[in-house]
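Remarks on the structure that follows.
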């Protein structure tokens, strides 16, 4: 079974991404076709990226917080990135967390769930560019949620019913790509 991390995209207090992550995990767990877990980037307390050598060149991390982050990402076969849109882009916390690593992300699949005043679509497209550089295949299906209709006045997550059906399709694509890319990773290790 594939291991899929549902990665929060924000670390700030009162963030919405953790609420979204727990709902997505609940929906995913109904399937029984993979092992899903919430990976909260706030739990890793990553300081601003300041490694002396880029992650593409070395995995000898100097920052102590990078080691458990590296181990977690390396243990996963695919990702669901929850992406809030800040100023037409991804959050600095998510970009920072991604920038810490390189080979741990390679040859894996990702799905994107975004939210914002316009569904977070600009952040999702910005993330696709970043993921491509990391050799992550992002699936086509994308959930774009509105902060006006998918969250209520108390800031609770109240997703439209169509999102669960879209998420099922998204996970179908993610697992298909995830299984194919797992084969690629195994082949690379044996050659």
Original post:
Going through the stretch 129-145 one residue at a time, which ones are exposed (fewer than 15 other Cβ atoms within 10 Å of the Cβ) and in contact (Cβ under 8 Å) with a residue 12 or more places away in the chain?
Top reply: 135, 140
Subject >> Filtered residues of the stretch 27-51 (kept if assigned to a helix (DSSP H, G or I) and either touching a residue at least 24 places away in the same chain (Cβ under 8 Å) or over 16 Å from the mean Cα position of the chain (by Cα) (or both)) >> reply: 27, 28, 29, 41, 42, 44
**OP:** Kindly list the number of the only condition in (1) within 25 Å of residue 178 (Cα to Cα); (2) buried (at least 18 other Cβ atoms within 10 Å of the Cβ) that fails for residue 11.
**Re:** (1)
Subject >> Members of the stretch 96-114 found to be more than 24 Å from residue 157 (Cα to Cα) and within 11 Å of the chain's Cα centre (by Cα), listed by number >> reply: 97, 98, 105, 109
Original post:
Of the residues 123, 111, which is crowded, with 17+ Cβ neighbours inside 10 Å and in a strand (DSSP E or B)?
Top reply: 111
Original post:
On the given criteria, is residue 106 over 17 Å from residue 41 (Cα atoms) and either touching a residue at least 12 places away in the same chain (Cβ under 8 Å) or assigned to a strand (DSSP E or B) (or both)?
Top reply: yes
Original post:
Taking the stretch 62-85 on its own, how many of its residues are under 26 Å from residue 28 (Cβ atoms) and either free of Cβ contacts under 8 Å to residues at least 40 places away in the same chain or in a loop (DSSP other than H, G, I, E, B) (or both)?
Top reply: 9
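Here is a yes/no grid of residues against (1) modelled with pLDDT under 95; (2) in contact with a helix residue (DSSP H, G or I) (Cβ under 9 Å, 6 or more places away or on another chain); (3) not in a loop (DSSP other than H, G, I, E, B):
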position	(1), (2), (3)
101	no, yes, no
143	no, yes, yes
160	yes, no, no
166	no, no, yes
173	no, no, yes
178	no, no, yes
186	yes, no, yes
Original post:
For the stretch 53-60, does any single residue satisfy the condition of being crowded, with 18+ Cβ neighbours inside 10 Å and more than 12 Å from the chain's Cα centre (by Cα)?
Top reply: yes
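The values are calculated or read from the model by the stated rules, or taken from the named source; none is laboratory data. Since the structure is predicted, the reported quantities are computational estimates derived from the model, not experimental observations. Glycine also receives a Cβ, built like all others from the backbone with ideal geometry; neighbour counts cover every protein chain displayed.
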